Amino acid sequence: MFEKIKKKKKTFILIIMIMSMITLLFSIFQIINWKKDSNKTKKETVKIEKITDIKEKEDSSNTEIIGQDISKDDPYWDYIKMNLMDVNFKDLKKKNSSVAGWIQVLGTNINYPYVWTTDNEYYLTHSFDKSKNYAGWVFLDYRNHKSELSKNNIIYAHGRKDHTMFGSLNKILTNGWFLNSKNHVVRMSTETENTLWQVFSVYRIPNTSDYIQVNFNNDDEFSKFGSMILSRSKHNFSTSIDGNDTILTLSTCYDDYEKVVLHAKLIKREKK
């Protein structure tokens, strides 16, 4: 009887050891693959930077200033003076015809071309050059228009631990990022126009889809939506949102249970 118990105990320990070894090997495999994807992403980013011409663009007679009736106390009046960013997409389109624009979030590492396709799945597992890569790429919600702004324009990317893609978006939740008011703008460029956006809300939230609504029945519904996302902000940006505004939303995973979100409103645009 004792020998049987002893044998069962040894068998149980052996099974535990085998399972632990399998788990360890799987974890090592995952880490190696993660690192490979990370290295591929960094190499892709370097290639993109080499072929892309990005310039500062001062205001001209074609520049449209949006929201001039805003209170003089609003930081808007400081941000509106900032230069636009102008990107030449000629060589980028040769590399990927799905490129939709370029986005730069000050105070973070986010400075990438973004793409658009007919679903929100493909670029979760593919890089800019369309090669298989679980680091993914930065992409515009398929419900938005590639060449025309919607009321809420949503851009996603993975929150990578090495701070590539939207991995550095977490910085917007820190006091250090917030206290530098120069960080409170997002610049974008597409083939048809350059735009400047003023950040008005940043937050971390349990997984939900209520902030990624694209279509609104009227300005009143949109205004209520704007009030909802403004009220969530961790920081007070001393600005407002109303039914006439156009919104940019950036979204990424904080972990398996929460998202990090940034909202900004359009304050300046210039057609190319």
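Select from region 196-228 the residues that are in contact with a helix residue (DSSP H, G or I) (Cβ under 9 Å, 6 or more places away or on another chain) and more than 27 Å from S181 (Cα to Cα) and list them in ascending order.
D210, Q213, F216
Checking T252 against (1) closer than 26 Å to D86 by Cα; (2) at pLDDT 95 or above; (3) under 14 Å from the mean Cα position of the chain (by Cα); (4) surrounded by fewer than 20 Cβ atoms within 10 Å (Cβ to Cβ), which test does it fail?
Looking at each condition in turn, T252 falls short on (4).
Confirm whether V214 is among the aliphatic types (A, V, I, L, M), surrounded by fewer than 19 Cβ atoms within 10 Å (Cβ to Cβ) and in contact (Cβ under 8 Å) with a residue 24 or more places away in the chain.
Here the answer is yes, as V214 does meet what is asked.
Can F200 be described as surrounded by 22 or more Cβ atoms within 10 Å (Cβ to Cβ), closer than 19 Å to L149 by Cβ, of a type in the set (F, W, Y) and modelled with pLDDT of 95 or more?
Yes.
Within region 128-186, can you find the residues that are on the phi > 0 side of the Ramachandran plot and either aromatic (F, W, Y) or assigned to a strand (DSSP E or B) (or both)?
M165
Check off (1) within 20 Å of the chain's Cα centre (by Cα); (2) buried (at least 18 other Cβ atoms within 10 Å of the Cβ); (3) among the aromatic types (F, W, Y) for Y76 and give me the number that stays unchecked.
(1)
Quick one: which of D69, D74 is in contact (Cβ under 8 Å) with a residue 24 or more places away in the chain and either of a type in the set (D, E, K, R) or more than 16 Å from Y156 (Cβ to Cβ) (or both)?
Answer to the check: D74.
For region 224-249, name all the residues that are surrounded by 16 or more Cβ atoms within 10 Å (Cβ to Cβ), modelled with pLDDT of 95 or more and touching an Asp or Glu at 6+ places or on another chain (Cβ under 8 Å).
Passing the criteria: only G226.
State yes or no: is Y114 within 17 Å of the chain's Cα centre (by Cα), part of a strand (DSSP E or B) and crowded, with 16+ Cβ neighbours inside 10 Å?
Considered against the rule, which asks whether it is within 17 Å of the chain's Cα centre (by Cα), part of a strand (DSSP E or B) and crowded, with 16+ Cβ neighbours inside 10 Å, Y114 comes out as yes.
The values are calculated or read from the model by the stated rules, or taken from the named source; none is laboratory data. Quick caveat, the model's predicted, so the values are computed rather than measured. Methodologically, a virtual Cβ is constructed for each residue, glycine included, from the backbone with ideal geometry; neighbour enumeration extends over all protein chains shown.
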